Amino acid sequence: MPHYWLMKSEPSECSIDDALAAPDRTVPWTGVRNYQARNFMRDQMQPGDGVLFYHSSCAEPGIAGLARVASGIRPDPTQFDPASPYFDAASKPDAPRWLLLDVQAVRKTRLLALSALRAHPALADLQLLRRGNRLSIMPVDPAHWQVIEALLA
């Protein structure tokens, strides 16, 4: 049974349009620097899992598209690149600290803004809407996925 995820990306770094324009509509999900988000990738995410592609840190944050996990994990090369904003001098190639996986865009949707998500009682306990939740990757309950899919139809 597939799992469902919400993955946040700043549109200035990688938007749903960027993902759709990439070869095979697939982008490496680089720059994850939170251990809990990394552990979701490492321990739970599998190719084929559904992804809500969420634009964050922008004028109107919200779900901008649907995607799927397209690969297993591998080391994130940005951790080893001193020119990268995601460089981690403590991470070593023989023991990488940070991982990535590929995400394949399925389709762009109308923007389902954070305010619209908050307006639906069926989404009241969606992890994204909990106070203080700042994770860039979070699980989505199948019931929440179904509600969101219906809202995007």
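Entry remark, region 33-45: residues being in a helix (DSSP H, G or I) and either touching a Lys or Arg at 6+ places or on another chain (Cβ under 7 Å) or not hydrophobic (A, V, I, L, M, F, W, C) (or both) number 6 in total.
So Gly48 fits all but one of (1) part of a loop (DSSP other than H, G, I, E, B); (2) more than 25 Å from Leu112 (Cα to Cα); what number is the exception? Result: Gly48 passes all but (2).
Within region 115-126, restricting attention to residues that are of a type outside the set (Gly, Ala, Ser) and surrounded by 14 or more Cβ atoms within 10 Å (Cβ to Cβ), which residue is nearest to Pro61 (Cα to Cα)? Checking each candidate, the answer is Leu117. Evaluation of Asp81 against the conditions (1) open to solvent by 40 Å² or more (accessible area, probe 1.4 Å); (2) modelled with pLDDT under 95; (3) not small (Gly, Ala, Ser) shows that the sole unmet condition is (2). Please tell me if His55 is closer than 19 Å to Gln127 by Cα, touching a Pro at 6+ places or on another chain (Cβ under 9 Å) and crowded, with 19+ Cβ neighbours inside 10 Å. Here the answer is yes, as His55 does meet what is asked. Among residues of region 17-43 that are open to solvent by 80 Å² or more (accessible area, probe 1.4 Å), those with a beta-carbon under 7 Å from a residue that is assigned to a helix (DSSP H, G or I) and among the small types (Gly, Ala, Ser) at least six positions away or on a different chain give the pairs Arg25/Ala19.
The values are calculated or read from the model by the stated rules, or taken from the named source; none is laboratory data. In this text the structure is predicted, and so the values were computed from the model without any measurement. Glycine also receives a Cβ, built like all others from the backbone with ideal geometry; neighbour counts cover every protein chain displayed. For the accessible areas, the whole protein counts, side chains as well, though only heavy atoms, and no ligand, DNA or RNA atoms are used. Shrake-Rupley method; radii C 1.70, N 1.55, O 1.52, S 1.80 Å.
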